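One structure below.
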Amino acid sequence: MGGLWARWRAGRGRRRGRRAARSLDPGLRATVRAAYDEGRPIPEPLARKAAEAGDPRGMTVYGIGLGKRGAYAEAVHWLGKAAATGDISAMVVLGTLHLDLGDPVEAERHFRRAADRGHAGARLALQQLRARRNGSGS
């Protein structure tokens, strides 16, 4: 699952989710924002609290943590919720997770959404998927 962090970090400076949790404690919001911006994990209970409060960054950080520990169905759920808010990083991570799980069709769908919003890493992932499909990639 190392691909999750690598693809996410490649585009973390891009546009984030548009909706933020209003009820999130300012200290927790700062912790989640730092984890999101720096690409480092935070304790799962903190990430879960932010995700459950509706914070897109919290959903993304929580989803990545879940994926890294093998809770793939939960990771897909939370990353999907974050992606639905417009969080480009969540779209890329979700695409990477589906690719890691052997579903290139679903991976392509999420990479396409991120690429259409200008994410360079997602565009590269789409090129690599096409090359594999055409038999010219590894």
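Just a few scattered comments:
Residues checked against (1) in contact with a Lys or Arg (Cβ under 8 Å, 6 or more places away or on another chain); (2) farther than 19 Å from L28 by Cβ:
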{"position": "P41", "(1), (2)": "yes, no"}
{"position": "A47", "(1), (2)": "no, no"}
{"position": "V61", "(1), (2)": "no, no"}
{"position": "I64", "(1), (2)": "no, no"}
{"position": "K68", "(1), (2)": "no, yes"}
{"position": "A73", "(1), (2)": "no, yes"}
{"position": "L79", "(1), (2)": "no, yes"}
{"position": "G86", "(1), (2)": "yes, yes"}
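- Condition met for D116 (without any contact (Cβ under 8 Å) to a residue 24 or more places away in the chain, among the acidic types (D, E) and either open to solvent by 10 Å² or more (accessible area, probe 1.4 Å) or within 25 Å of V32 (Cβ to Cβ) (or both)): yes
- Condition check for K68: modelled with pLDDT of 95 or more and of a type in the set (K, R): no
- Taken over region 90-113, residues that are of a type in the set (G, A, S), open to solvent by 50 Å² or more (accessible area, probe 1.4 Å) and in contact (Cβ under 8 Å) with a residue 24 or more places away in the chain amount to 0.
- Selected residue (criterion: modelled with the highest pLDDT) from residues of region 119-134 that are open to solvent by less than 30 Å² (accessible area, probe 1.4 Å) and more than 12 Å from T96 (Cα to Cα): H119
- Count of region 67-89 residues which are surrounded by 24 or more Cβ atoms within 10 Å (Cβ to Cβ) and either of a type in the set (K, R) or assigned to a helix (DSSP H, G or I) (or both): 8
The values are calculated or read from the model by the stated rules, or taken from the named source; none is laboratory data. Please read all numbers here as calculations on a predicted model, not as lab measurements. FYI the Cβ positions are ideal-geometry reconstructions off the backbone, even for glycines, and counts take in every protein chain you see. Areas reflect the complete protein model, heavy atoms only, side chains present, ligands, DNA and RNA absent. Shrake-Rupley method; radii C 1.70, N 1.55, O 1.52, S 1.80 Å.
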